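Visitor: Pasting a structure below so you can have a look.
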Amino acid sequence: MDRESVYQEFGVPIVINAAGTKTRIGGSRIREEAVEAMGRAAEEFVRLSDLQARASERIAELTGAEAGYVTSGAASALMLGAAACIAGDDLGTMARLPHTDATPEIVMARTHRTEYDHALRAAGATIVDVGTNDPHLGTGSRETEPWEIADAITDDTVALGYIAKSYSKPALSTVTEIAHEHDVPVIVDAAAELPPVANFRRFTEAGADLVAFSGGKAIRGPQTTGILAGRRELVSSVAAQHLDVHAAEAVWEPPVDLLDVDRLGGVPRQGIGRPMKVGKEELIGLLAALDAFVEEDHDARAVEWRERSTRIAASLNSLSGVTTSIAAAEKVAVAPEVRVQVDADAAVSDAVGVVRDLRREEPRVFVGADSLPGAFTINPMCLDGEETDYVIERLRAHLGDEST
Ligand SMILES: *Cc1c(COP(=O)(O)O)cnc(C)c1O
């Protein structure tokens with residue numbers, strides 16, 4: 001890989017990304033349309049609430065939700081969404097978060113717990129999880145029962161939490177039905193569930209009150225952006241807790257569609273979301289990326305991903321001790337990942353060694369490490385043609401000989 005890199009100019013090794021849209025190695029490649037728009041956005045000033053109001057309309061159009069908001073990532077969208085569910089339009093609660101007079105709880109199936117739920121807790125909520133991990137452990141086949149979720153809802157419940165994956169159980173529509181019977185909103189983490197573009201609407205249609213998407217994954221907007229789509233009064237609370245509102249009351253006139261000043265009854269203090277600010281450049285970058293993402297030929301992109309995955313798998317299959325398979329896209333990720341199983345007794349190295357050694361090279365090569373110790377994965381989403389060839393060459397250098 002012989003290219004001029006700004007990272008190398010600063011003495012930092014670049015990464016060839018065969019792991020997919022992982023934040024720790026930079027997420028995705030931002031679209032040219034977004035970079036260009038961000039450059040132009042940097043030249044002038046704009047009132048951020050005006051820009052958020054426009055973004056709200058665009059997000060509503062795309063998702064079918066009443067309103068929307070641009071955050072500094074899907075995780076930030078989850079935190080802000082939780083803060084809105086806790087505080088509503090109460091200025092006092094907004095000012096006190098993450099501390100509250102009450103003990104706000106977010107109920108979710110235990111099988112939906114992820115490390116991202118720190119974002120929900122950061123707003124001041126406690127997570128109450130229900131159900132078991134039996135299917136995952138092989139100790140039983142029963143998933144979380146709808147009645148267990150209903151049973152956990154109390155006066156302290158401010159929301160239900162849900163992680164959207166194609167295999168998530170119970171079905172989202174079942175969970176939203178329970179929630180709405182109890183007058184409680186549902187916050188859905190759909191950070192990585194794009195494409196297909198149809199998923200923009202899917203979770204709102206299933207009854208979600210707030211849905212979080214990442215702007216820095218397949219949308220390929222700025223890395224530090226996310227989208228929250230949902231009910232108007234919750235988005236209004238998000239805006240009140242996120243915008244910089246150090247403002248004199250007499251001249252504070254945020255856009256009425258975004259922020260219901262009458263309902264608030266005063267100017268909020270700087271809210272819990274203020275440390276997660278979103279700049280004008282990121283906001284414009286995300287809007288430009290959204291337009292390009294929606295217009296993109298997703299079928300052609302899917303064919304390209306599959307071709308790359310097939311080529312990678314075929315090039316490794318003949319190596320001794322190595323077996324490859326390609327996961328159906330919707331099973332684990334939005335793209336067809338190659339799973340590379342390494343039999344340490346028959347191969348020249350083992351999966352852990354290969355993953356570690358690839359990361360130590362320059363450029364670093366990152367493959368997916370979630371299936372260690374016996375296997376690793378290769379995701380085609382962030383590889384171009386030349387990089388695919390390079391990854392194949394490096395993998396073959398570490399995995400050695402053709403079997404006879
Ligand atoms: C990536 C991801 C997030 C975080 O998204 P950011 O935009 O990086 O904040 C949250 N939840 C899930 C399930 C994710 O895959």
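The values are calculated or read from the model by the stated rules, or taken from the named source; none is laboratory data. Computed from a predicted model, the values in this text were never measured in an experiment. Reconstructed Cβ throughout: ideal geometry from the backbone, glycine too, with neighbour counts over all protein chains shown. All accessible areas refer to the heavy atoms of the entire protein, side chains included, with ligands and DNA or RNA removed. Shrake-Rupley method; radii C 1.70, N 1.55, O 1.52, S 1.80 Å.
Visitor: Counting just the residues of region 83-113 that are of a type in the set (S, T, Y) and open to solvent by 50 Å² or more (accessible area, probe 1.4 Å), which one comes out farthest from the ligand (Cβ to nearest atom)?
Guide: Looking at residues that are of a type in the set (S, T, Y) and open to solvent by 50 Å² or more (accessible area, probe 1.4 Å), I get T103.
Visitor: Right, another one. Considering only region 40-48, I want to know if a residue exists there that is within 13 Å of the ligand (Cβ to nearest atom) and in contact with a helix residue (DSSP H, G or I) (Cβ under 6 Å, 6 or more places away or on another chain).
Guide: no
Visitor: If you don't mind, there's one more thing I want to ask. For residues in region 305-331 being free of Cβ contacts under 8 Å to residues at least 12 places away in the same chain and part of a helix (DSSP H, G or I), which is nearest to C382 (Cα to Cα)?
Guide: If we take residues in region 305-331 being free of Cβ contacts under 8 Å to residues at least 12 places away in the same chain and part of a helix (DSSP H, G or I), then E307 is nearest to C382 (Cα to Cα).
Visitor: Does T174 qualify as being part of a helix (DSSP H, G or I) and either within 14 Å of the ligand (Cβ to nearest atom) or touching a residue at least 12 places away in the same chain (Cβ under 8 Å) (or both)? If you could, list the steps in order and put the result at the bottom.
Guide: Values: part of a helix (DSSP H, G or I): yes; either within 14 Å of the ligand (Cβ to nearest atom) or touching a residue at least 12 places away in the same chain (Cβ under 8 Å) (or both): yes.
Against the criterion (part of a helix (DSSP H, G or I) and either within 14 Å of the ligand (Cβ to nearest atom) or touching a residue at least 12 places away in the same chain (Cβ under 8 Å) (or both)), T174 qualifies.
Visitor: Another question, if that's okay. Please name all residue pairs, on different chains or six or more residues apart, with Cβ atoms under 6 Å, provided the first residue is in region 205-216 and is within 13 Å of A191 (Cβ to Cβ) and among the aliphatic types (A, V, I, L, M) and the second residue is part of a strand (DSSP E or B) and within 7 Å of the ligand (Cβ to nearest atom).
Guide: Close Cβ pairs (under 6 Å, with a partner that is part of a strand (DSSP E or B) and within 7 Å of the ligand (Cβ to nearest atom)) amount to A212/D189.
Visitor: What is the number of the single condition among (1) touching a residue at least 40 places away in the same chain (Cβ under 8 Å); (2) within 16 Å of the ligand (Cβ to nearest atom); (3) buried (at least 20 other Cβ atoms within 10 Å of the Cβ) that I149 does not meet?
Guide: In the conditions (1) touching a residue at least 40 places away in the same chain (Cβ under 8 Å); (2) within 16 Å of the ligand (Cβ to nearest atom); (3) buried (at least 20 other Cβ atoms within 10 Å of the Cβ), I149 misses (2) alone.
Visitor: Filter region 223-235 down to residues that are open to solvent by 10 Å² or more (accessible area, probe 1.4 Å) and more than 19 Å from R29 (Cβ to Cβ) and give me whichever is nearest to the ligand (Cβ to nearest atom).
Guide: Here the residue is L234.
Visitor: Continuing with the same structure: Looking at the structure I just gave you, is V128 at negative phi, open to solvent by less than 10 Å² (accessible area, probe 1.4 Å) and part of a strand (DSSP E or B)?
Guide: Against the criterion (at negative phi, open to solvent by less than 10 Å² (accessible area, probe 1.4 Å) and part of a strand (DSSP E or B)), V128 does not qualify.
Visitor: Of (1) more than 16 Å from the ligand (Cβ to nearest atom); (2) open to solvent by less than 10 Å² (accessible area, probe 1.4 Å); (3) over 18 Å from L234 (Cα atoms), E181 satisfies all except one. Which?
Guide: Among (1) more than 16 Å from the ligand (Cβ to nearest atom); (2) open to solvent by less than 10 Å² (accessible area, probe 1.4 Å); (3) over 18 Å from L234 (Cα atoms), the lone unmet condition for E181 is (2).
Visitor: I would also like to ask the following. Scan region 232-259 residue by residue and report those that are assigned to a loop (DSSP other than H, G, I, E, B) and among the acidic types (D, E).
Guide: D244, E253, D257
Visitor: Moving on to the next point. Looking at region 224-231, can you tell me whether even one residue there is outside any helix (DSSP H, G or I) and closer than 14 Å to G88 by Cα?
Guide: Checked region 224-231: at least one residue is outside any helix (DSSP H, G or I) and closer than 14 Å to G88 by Cα.
Visitor: Let me ask something else about it. Six or more apart or on different chains, Cβ under 9 Å: which pairs go from a residue in region 333-352 that's within 13 Å of S309 (Cβ to Cβ) to one that's part of a loop (DSSP other than H, G, I, E, B) and open to solvent by 60 Å² or more (accessible area, probe 1.4 Å)? Could you list them?
Guide: Note: pairs meeting the criteria are V334/P196.
Visitor: For region 318-335, state whether one or more residues are closer than 20 Å to R58 by Cβ, surrounded by 14 or more Cβ atoms within 10 Å (Cβ to Cβ) and not small (G, A, S).
Guide: No, every residue in region 318-335 fails to be closer than 20 Å to R58 by Cβ, surrounded by 14 or more Cβ atoms within 10 Å (Cβ to Cβ) and not small (G, A, S).
Visitor: Would you pick out the residues in region 3-19 that are surrounded by 15 or more Cβ atoms within 10 Å (Cβ to Cβ) and either modelled with pLDDT under 95 or away from the ligand (no atom under 16 Å from the Cβ) (or both)?
Guide: Within region 3-19, I14, V15, I16, A18 meet the criteria.
Visitor: Now for a separate question. Restricting to region 60-82, count the residues that are in a helix (DSSP H, G or I), open to solvent by less than 20 Å² (accessible area, probe 1.4 Å) and within 15 Å of the ligand (Cβ to nearest atom).
Guide: The qualifying residues number 8.
Visitor: Further, regarding this structure: Out of everything in region 204-222 that is open to solvent by 20 Å² or more (accessible area, probe 1.4 Å) and on the phi < 0 side of the Ramachandran plot, what residue ends up being modelled with the lowest pLDDT?
Guide: That would be K217.
Visitor: Would you mind stating whether E304 is open to solvent by 50 Å² or more (accessible area, probe 1.4 Å) and under 26 Å from the mean Cα position of the chain (by Cα)?
Guide: Yes.
Visitor: Identify, from the list R202, R220, the residue that is within 16 Å of the ligand (Cβ to nearest atom), within 30 Å of T377 (Cα to Cα) and free of Cβ contacts under 8 Å to residues at least 60 places away in the same chain.
Guide: The unique qualifying residue is R202.
Visitor: Then there is this: Can you tell me how many residues within region 339-381 are touching a helix residue (DSSP H, G or I) at 6+ places or on another chain (Cβ under 8 Å), closer than 13 Å to R394 by Cβ, at pLDDT 95 or above and not acidic (D, E)?
Guide: Total satisfying the criteria: 9.
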